[in-house]
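Report on the structure given below.
The values are calculated or read from the model by the stated rules, or taken from the named source; none is laboratory data. The structure displayed is predicted, hence computed values, not measured ones. Cβ placement follows ideal geometry from the backbone for every residue including glycine, while neighbour counts extend to all protein chains displayed. Heavy atoms of the whole protein, side chains included, go into the accessibility calculation; ligands, DNA and RNA do not. Shrake-Rupley method; radii C 1.70, N 1.55, O 1.52, S 1.80 Å.
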Amino acid sequence: MSLPEPRAMHDLDARLHEDRILILDFGSQVTQLIARRVRESGVYCEIWPFTTDISRLSDFAPRGIILSGGPASVHDPDAPRIPEEIFALNVPILGICYGQQALCAQLGGAVESHEHREFGRAFIEIVDDCALFRGAWARGHREQVWMSHGDRVTKIPPGFTAVAVSEGAPFAIIADESRRIYGVQFHPEVVHTPHGAALLRNFTHGVAGCKGTWTMAGFRDLEIARIRQKVGEGRVICGLSGGVDSSVAAKLIHEAVGDQLTCIFVDPGLLRAGEAEEVVKTFRGRFNIQLVHRDASELFLNALAGVTDPETKRKTIGRLFVEVFEEEAAKLGGAQFLAQGTLYPDVIESVSFTGGPSVTIKSHHNVGGLPERMKMSLVEPLRELFKDEVRALGRELGLPDIVVNRHPFPGPGLAIRVPGDITREKLDLLRKVDTIYLEEIRNAGLYDAIWQAFAVLLPVRTVGVMGDGRTYDQACALRAVTSSDGMTAEVYPFDFAFLNRVAGRIVNEVRGINRVTYDITSKPPGTIEWE
Ligand code: XMP
């Protein structure tokens, strides 16, 4: 392995991050969507909370700044403010919802609470030309947008004109073309604003002059150089789960340092049918990556015997993962680096208006805490990326679609899809149901339209009739949801014929199941997993 030339690495870095947009977060639920839209258009961006120490701003040197929405009102005593330094940069600014209101409040306009609140789909009238509209909207047209506001701008600051109006917001879009400052009352970042992405692109590319240098091919080259520089001749271990993040991290690190990487795959006996074999086949077989496959099913299932409480299950599994991982790492005789598939959403500092810790709904299992215990340095090659970018990088690295497009799978695996106590027999039964369900979803071409689909084995037996006989077997539930980040979810609206077909196959082909239900709960109030 050759270490990268510092000059070449600097050039790669400079090119990839040439365009930089800053997104200042005022606490909107959808701030991350702004960043995803900007990244999709090939522009690197970061999200900073509005409270960030702004002295970093000149180093970051953004080409443009987007101010997010947020739950506050500019009339609140502690209303978040746009740091004045931002105006001094003389770069283009786009304020969205609260961002627009804060712009107006600070630049000499006025904002009022109004009885006519707008939530959801709304229409705006385009009344003038604007640099944001190029190729998307034209004067005199009516356009669909997504609004979510109580306060609204009632007087625009000097230098601005209204370029779009709506019934509930006389200043739906305002622009000061000479200073290149824009404000929109609606949310261009959500899909319910059909031309929203084009508007954002007009801001980043048209107004701010970004060229679109952020690509996953460029990222791969830079990250390989960065990993080589960090790791040198050292050894890296990487926990592989079969999920997208750890798979992409492992493949990328392998491209950088080859056999200095060893992957450890702890198989807790809680995976779907065929998944453990597939991980071994792909990574050891196809990519020739050094892989330790530890079948720890005996250990995990013994420890879980008789455990019915969901939190105890999660904690037991989390603890065992760490123990087994450490044991296998020790057998390798020491490594200096531990790879983790940390993503950008894990490192974005979030804006909290409520303060105080939020209640724990579920303790998530991850390998946090391992690095300190093991005294290892971290290699986190995906820290800059959103999930969609990790998938694109995986494709760039030649990972098979079945890995890259795989639905998320929880760390505690099938254990949290068998409410009540867990046995090998129950897990086997669940695997059979799950396999049929996913097979039908793939055959119907629906897999990629669904965020997650899985079966749950219910701890109930019900009476049925098959042929001439009575059955007294278990019931199962099927779940499928759409989501953009797992934080909220909607049930997937399968057509009835599909559900009927799946249910028919399950009761006919899986001995021990005589009833199938479809879970139609959204999140909130439900969660995606049952435990
Ligand atoms: P819930 O059930 O909380 O799940 O709505 C949200 C998303 O997180 C996944 N999930 C986990 N992922 N470790 C993980 O890595 C965990 O312990 C865990 N628990 C839930 C779940 O599958 C869904 O995508």
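With respect to ALA477, is the statement that it is within 16 Å of the ligand (Cβ to nearest atom), buried (at least 16 other Cβ atoms within 10 Å of the Cβ) and touching a residue at least 12 places away in the same chain (Cβ under 8 Å) true?
Working: within 16 Å of the ligand (Cβ to nearest atom): yes; buried (at least 16 other Cβ atoms within 10 Å of the Cβ): yes; touching a residue at least 12 places away in the same chain (Cβ under 8 Å): yes.
Yes.
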Completion exercise
Across (1) in the same structural domain as ILE513 (by TED's automatic domain parsing); (2) within 16 Å of the ligand (Cβ to nearest atom); (3) under 22 Å from the mean Cα position of the chain (by Cα), LEU414 clears everything bar (1)
Fill in the blank from the handout: Scanning the range 481-497 for residues that are surrounded by fewer than 16 Cβ atoms within 10 Å (Cβ to Cβ) and away from the ligand (no atom under 16 Å from the Cβ) gives PRO493, ASP495, PHE496, ALA497
Problem - Selection from the range 161-190 of residues that are open to solvent by 20 Å² or more (accessible area, probe 1.4 Å) and either touching a helix residue (DSSP H, G or I) at 6+ places or on another chain (Cβ under 8 Å) or hydrophobic (A, V, I, L, M, F, W, C) (or both) - result: ALA162, VAL165, PHE171, GLU177, ARG180
Handout entry: All positions within the range 316-327 that are in contact (Cβ under 8 Å) with a residue 40 or more places away in the chain, over 20 Å from ILE416 (Cα atoms) and open to solvent by 30 Å² or more (accessible area, probe 1.4 Å)
Key = GLU326
Problem - Residues that are touching a Lys or Arg at 6+ places or on another chain (Cβ under 9 Å) and either aromatic (Phe, Trp, Tyr) or under 23 Å from ARG373 (Cβ atoms) (or both), drawn from the range 305-332 - result: GLU311, ARG314, VAL322, VAL324, PHE325, GLU326, GLU327, GLU328, LEU332
Practice task
Determine whether PRO158 is open to solvent by 20 Å² or more (accessible area, probe 1.4 Å), more than 29 Å from ALA14 (Cβ to Cβ), assigned by TED's automatic domain parsing to the domain that holds PRO194 and out of contact with any strand residue (DSSP E or B) (no Cβ under 6 Å at 6 or more places or on another chain).
Solution key: yes
Handout entry: For LEU370: the one exception among (1) open to solvent by 50 Å² or more (accessible area, probe 1.4 Å); (2) modelled with pLDDT under 75; (3) among the hydrophobic types (A, V, I, L, M, F, W, C); (4) within 16 Å of the ligand (Cβ to nearest atom)
Key = (1)
Fill in the blank from the handout: Pairs returned, first residue in the range 79-106 that is more than 18 Å from ILE21 (Cα to Cα), second residue that is surrounded by fewer than 24 Cβ atoms within 10 Å (Cβ to Cβ) and among the charged types (D, E, K, R), beta-carbon separation under 6 angstrom, 6 or more apart or interchain, are GLN101/ASP151
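Select, from GLY420, GLY411, the only residue that is in contact with a strand residue (DSSP E or B) (Cβ under 7 Å, 6 or more places away or on another chain), within 30 Å of ASP309 (Cα to Cα) and part of a loop (DSSP other than H, G, I, E, B).
Details: GLY411 fails: in contact with a strand residue (DSSP E or B) (Cβ under 7 Å, 6 or more places away or on another chain).
After applying the criteria, what remains is GLY420.
Given the options ALA330, ALA339, name the one that is crowded, with 17+ Cβ neighbours inside 10 Å and small (Gly, Ala, Ser).
Numbers: ALA330 fails: crowded, with 17+ Cβ neighbours inside 10 Å.
Sole residue among the options that is crowded, with 17+ Cβ neighbours inside 10 Å and small (Gly, Ala, Ser): ALA339.
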Exercise for the section: Scan the range 196-237 for residues that are part of a helix (DSSP H, G or I) and either closer than 23 Å to ASN90 by Cβ or in contact with a strand residue (DSSP E or B) (Cβ under 8 Å, 6 or more places away or on another chain) (or both) and report the count. Expected result: 13
